[in-house]
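Visitor: Take this structure first; my questions come after.
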Amino acid sequence: MSADAPILIYCRWEAAGGIERVSLRLRDFLSRNGVAAELVSREGHPVFGAEVRQLAETDLGGRTLVFSRKRDLLHIGWRGLGARLVYWRHVPVIGSLTNRLVDTVFIVAMSWRAPVLCVCDELAEHLARLPLLRRAALTVAYAPVAPDVPAAAPIRRTDQPKHLLYVGRPGAQKRLDKVLAVVAEARDAGHPVRLHVHGYAPPKDEPDDVTFAPLGSDPQASFADADALIVWSEYEGFPTVMVEAARSGLPIIANAFATGLRDFERRIGPTARIEDRPEALMRAFTRLPRGSYDLSGVRDEALWPVWAKVLGVSMRDECSISDIPSRESAGLRTSDV
């Protein structure tokens, strides 16, 4: 198999979430830059409607294969020995002592076998502290966002935000419970705030002035209707939803989650920090960011040189126009997470 064959990105519906959503964008980003890329998984099931090749029917020899989870590599198994692996790491080492130990051993082992591609500088700094890790293997490349990202976006100004947007998914990582608590507290204090939630099924008893979008609906339309995005999480890689909000000029309220926040504030723009204490939301309203977001660092032009280097690719003439997704199908992807 020629090394010039399409790059493979392991992407499976059975664990479809933020990683799969960003993997779709990586495929589109590579195609926009003239490099063919395909999604692959053990089962070959479509991911968010996108075609995925079945692993058993795909020759991996000499191919560049990007994967993001330990279980992905278990699925790939011995077939990955002939591929050029790239480990795309999205999150810090977290969880119980056992989970941390297993994760650490895996990351260290991969650093001696393949590039370890981190989605932000802070995550790379976190991994660089792991003992025995081959630090030369660490590379930072921000995840592709969309075609035609502007160099800057003015931040919408609102002195009395009333409509908040939350985009997440069920689980211990995403703290919707915290968001609901501060919204209820603000309403009790007389502020007529409303919350619109993407990624969760509505509970039997919906809280007052909290609405839930249908699962699978595109959150992009909600950015235009909101006064601010609120993010409350235990950890992130690089907060893609915040980049999406910045692209639309939406002010952002965020807690001090692990990894990614510092990169966002340093490279793109400020957020209003929210803390887990009384009147947290009301205090955050007085510190909403002003000015504009700097999106120059997440445009294709800025991302391409780094991705090209780590993947060992360059623009190729043999990628035809038909290989390049249209603006309607590329870039920002909808999902229920």
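Visitor: Taking Gly249 as meeting all but one of (1) under 22 Å from Pro161 (Cα atoms); (2) open to solvent by 40 Å² or more (accessible area, probe 1.4 Å), write down the number of the exception.
Guide: Tallying (1) under 22 Å from Pro161 (Cα atoms); (2) open to solvent by 40 Å² or more (accessible area, probe 1.4 Å), Gly249 fails exactly one: (2).
Visitor: Scan segment 44-51 and give yes if some residue there is farther than 27 Å from Pro147 by Cα, in contact with a helix residue (DSSP H, G or I) (Cβ under 7 Å, 6 or more places away or on another chain) and at pLDDT 90 or above, otherwise no.
Guide: Just the residues of segment 44-51 that are farther than 27 Å from Pro147 by Cα, to begin with: none.
No, there is no match, as no residue in segment 44-51 is farther than 27 Å from Pro147 by Cα, in contact with a helix residue (DSSP H, G or I) (Cβ under 7 Å, 6 or more places away or on another chain) and at pLDDT 90 or above.
Listed here are the residues, each with its yes/no results for (1) buried (at least 18 other Cβ atoms within 10 Å of the Cβ); (2) touching a Lys or Arg at 6+ places or on another chain (Cβ under 9 Å); (3) among the aromatic types (Phe, Trp, Tyr).
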| residue | (1), (2), (3) |
| --- | --- |
| Ala184 | no, no, no |
| Tyr200 | yes, yes, yes |
| Ile230 | yes, no, no |
| Pro239 | yes, no, no |
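Visitor: Any idea how many residues of segment 50-64 are open to solvent by 70 Å² or more (accessible area, probe 1.4 Å) and more than 12 Å from His75 (Cβ to Cβ)?
Guide: The qualifying residues number 4.
Visitor: Could you check, for segment 167-186, whether at least one of its residues is more than 30 Å from Phe67 (Cα to Cα) and in contact with an Asp or Glu (Cβ under 6 Å, 6 or more places away or on another chain)?
Guide: Step one: filter segment 167-186 for residues more than 30 Å from Phe67 (Cα to Cα), giving 177-186.
If we keep only those that are in contact with an Asp or Glu (Cβ under 6 Å, 6 or more places away or on another chain) as well, we get none.
The answer is no; no qualifying residue exists.
Visitor: Can you tell me which residues in segment 12-49 are part of a strand (DSSP E or B), of a type outside the set (Asp, Glu) and open to solvent by 10 Å² or more (accessible area, probe 1.4 Å)? Even if it seems obvious, please write down each step before you answer.
Guide: Initial filter on segment 12-49 (part of a strand (DSSP E or B)): 37-41, 47.
Then keep just the ones that are of a type outside the set (Asp, Glu); that gives 37, 39-41, 47.
Ala37, the sole residue that qualifies.
Visitor: Which residues, counting only those in segment 271-286, are open to solvent by 60 Å² or more (accessible area, probe 1.4 Å) and modelled with pLDDT of 90 or more? Step through it out loud before you land on a result.
Guide: From segment 271-286, those open to solvent by 60 Å² or more (accessible area, probe 1.4 Å) are 273, 275-279, 282-283, 286; that's our starting set.
Selection gives Arg273 alone.
Visitor: Report, by residue number, each residue of segment 85-117 that is touching a residue at least 60 places away in the same chain (Cβ under 8 Å), open to solvent by 30 Å² or more (accessible area, probe 1.4 Å) and more than 23 Å from Val40 (Cα to Cα).
Guide: Ile94
Visitor: Can I ask one more? Here's a check for you: in segment 202-221, which residue that is under 24 Å from Arg277 (Cβ atoms) and open to solvent by 40 Å² or more (accessible area, probe 1.4 Å) is modelled with the highest pLDDT?
Guide: Of segment 202-221, the ones under 24 Å from Arg277 (Cβ atoms) are 207-210.
Cutting the leftovers down to open to solvent by 40 Å² or more (accessible area, probe 1.4 Å) gives us 207-209.
On the way: Pro207: 79, Asp208: 77, Asp209: 85.
By that ranking, first place goes to Asp209.
The values are calculated or read from the model by the stated rules, or taken from the named source; none is laboratory data. It should be emphasised that the depicted structure is a prediction, and the values quoted were computed from it without experimental measurement. Please note: Cβ atoms are built from the backbone with ideal geometry, for glycine as well, and neighbour counts cover all protein chains shown. The area values use the complete protein model at the heavy-atom level, side chains included, leaving out ligands, DNA and RNA. Shrake-Rupley method; radii C 1.70, N 1.55, O 1.52, S 1.80 Å.
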